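A.B. asks: I have a structure I would like to understand better, so I am pasting it below and will then ask my questions one at a time.
The values are calculated or read from the model by the stated rules, or taken from the named source; none is laboratory data. Here the structure is a predicted model, which is why all the values come from computation and not from measurement. For neighbour counting, all protein chains shown are included, and Cβ atoms are generated from backbone atoms with ideal geometry for every residue, glycine included.
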């Protein structure tokens, strides 16, 4: 297994010394090249979980292995994409995309070619000199994706990456991320609260319940790729997942 | 836009006009001898005199040179130390009480020591300017680091950006728009203390020109120097406001950025 979570729990202590259990006993294994979506109502710990896997925080108990090694911090081998993009506003698109390449031993020409290639792949060729605030949300997220792919990561951690985009842009971005990661078969761990998004993207959907965050059920999505959002199979899958979420809602409130 | 501009110009002229009218009125009342209150026309002739013999220009250049050396050295030092202390919060907790005690002491109060340590001449005035600008920039830099958006640090860690590049490439540019507030305050403070610094033991500069004119009973030239200091200070302030706006535009912090549709 590529990513392996064993008995992972996370407890946060607030300033009044009160403990809050965000995650309890998460056991999960993710294969190389798999697209896994974490789905659940807010407060189910899905963002906490992705933070732990990406190495920004550590589990209170249990352990997380990536490629057989315990996660000890963030690594350039697995890049996180955030909902609010995390672009550097003082750098233009080209320089934002080049960020991860700067700490690597690359010639100037090689780096420039790589940046050009990625900007082209995300369709921003004519926007290299623009600064993030001059771009729409969808374009900004494409810059963040190009920046991540520039360092050839083995895993992409995506924390509600399309959460602040409008519905049409969001659907376009979902198609795009699949196309971009198809060739290299990048492993993608994706957090969302949008059922359609999960069914469209995922090989497996991990449904989580809140208080404390636990894995409730795992759906395997076997629909062939280039999924048709209006097909009966798609809608059936979607209904199944929604039924599960409804069940959580009724039993946890 | 043109309407706004002409209203502004009108207000400036009106304010200046009232000031000159009051000044001229007091002079015409005859109650104050010209040595205590030099009349406007005498000040104008004073401007002509030190303008033509080059004294005003010479002293103003010396002042500006000293000012920029002191101000830039001070800002650079304060930013570097501010980044350092702001990052190492535990160290700052120890340093902060000391800074809070030193900060209210006017740079001029240090003058006896400044002279003992740095002698007389150009350096003491520059040191006073340095000290006046130092604390606003230091404190705004430390405060700005604490407010940095954590996402920048996450991105930097993710891409393996280590010190000193983390400071140079990420932290400093991320907080720069906040540091400018301190740079602006420091500019004003340093300009004000520059005059005091030049009054103590220098032989050149606008502050010296004031002392020198007083010693020669030329109060008209004192006023000339004061007006020059005011106008140059105003120009510096306008310049840093423009710089502030430029930075906000580049960083995308200005009002109503142009949005492009994807």
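A.B. asks: Could you please give the count of residues in segment A:72-89 that are farther than 27 Å from residue A:136 by Cα and either at pLDDT 95 or above or within 8 Å of another protein chain (Cβ to nearest Cβ) (or both)?
C.D. replies: Within segment A:72-89, residues that are farther than 27 Å from residue A:136 by Cα and either at pLDDT 95 or above or within 8 Å of another protein chain (Cβ to nearest Cβ) (or both) number 3.
A.B. asks: Moving on to the next point. Count, please, the residues in segment A:179-220 that happen to be outside any strand (DSSP E or B) and either under 12 Å from residue A:41 (Cα atoms) or in contact with a strand residue (DSSP E or B) (Cβ under 8 Å, 6 or more places away or on another chain) (or both).
C.D. replies: The total comes to 14.
A.B. asks: I'd like the full set of residues that are within 14 Å of chain B (Cβ to nearest Cβ) and in contact (Cβ under 8 Å) with a residue 24 or more places away in the chain, limited to segment A:175-186.
C.D. replies: Passing the criteria: only A:176.
A.B. asks: Right, residue B:79: assigned by TED's automatic domain parsing to the domain that holds residue B:220 and under 16 Å from residue B:206 (Cα atoms) or not? Break it down stepwise before answering.
C.D. replies: Values: assigned by TED's automatic domain parsing to the domain that holds residue B:220: yes; under 16 Å from residue B:206 (Cα atoms): no.
It is false that residue B:79 is assigned by TED's automatic domain parsing to the domain that holds residue B:220 and under 16 Å from residue B:206 (Cα atoms).
A.B. asks: What about residue B:191, is it under 19 Å from residue A:93 (Cα atoms) and either touching a residue at least 40 places away in the same chain (Cβ under 8 Å) or more than 14 Å from chain A (Cβ to nearest Cβ) (or both)?
C.D. replies: No: the conditions fail for residue B:191.
A.B. asks: Still on this structure, I have one more. From B:210, B:179, B:229, which residue is part of a helix (DSSP H, G or I), buried (at least 17 other Cβ atoms within 10 Å of the Cβ), within 14 Å of chain A (Cβ to nearest Cβ) and touching a helix residue (DSSP H, G or I) at 6+ places or on another chain (Cβ under 7 Å)?
C.D. replies: Within the list B:210, B:179, B:229, the selection yields B:179.
A.B. asks: Would you confirm whether or not segment A:93-116 contains a residue that is in contact (Cβ under 8 Å) with a residue 40 or more places away in the chain, facing chain B (nearest Cβ under 8 Å), assigned to a helix (DSSP H, G or I) and over 20 Å from the mean Cα position of the chain (by Cα)? So that I can check it myself, show each step before the final result.
C.D. replies: Narrowing segment A:93-116 to residues in contact (Cβ under 8 Å) with a residue 40 or more places away in the chain: A:93, A:96-101, A:104.
Retained after the next criterion (residues that are facing chain B (nearest Cβ under 8 Å)): A:99-100.
Retained after the next criterion (residues that are assigned to a helix (DSSP H, G or I)): A:99-100.
Checking which are over 20 Å from the mean Cα position of the chain (by Cα) leaves us with none.
No, every residue in segment A:93-116 fails to be in contact (Cβ under 8 Å) with a residue 40 or more places away in the chain, facing chain B (nearest Cβ under 8 Å), assigned to a helix (DSSP H, G or I) and over 20 Å from the mean Cα position of the chain (by Cα).
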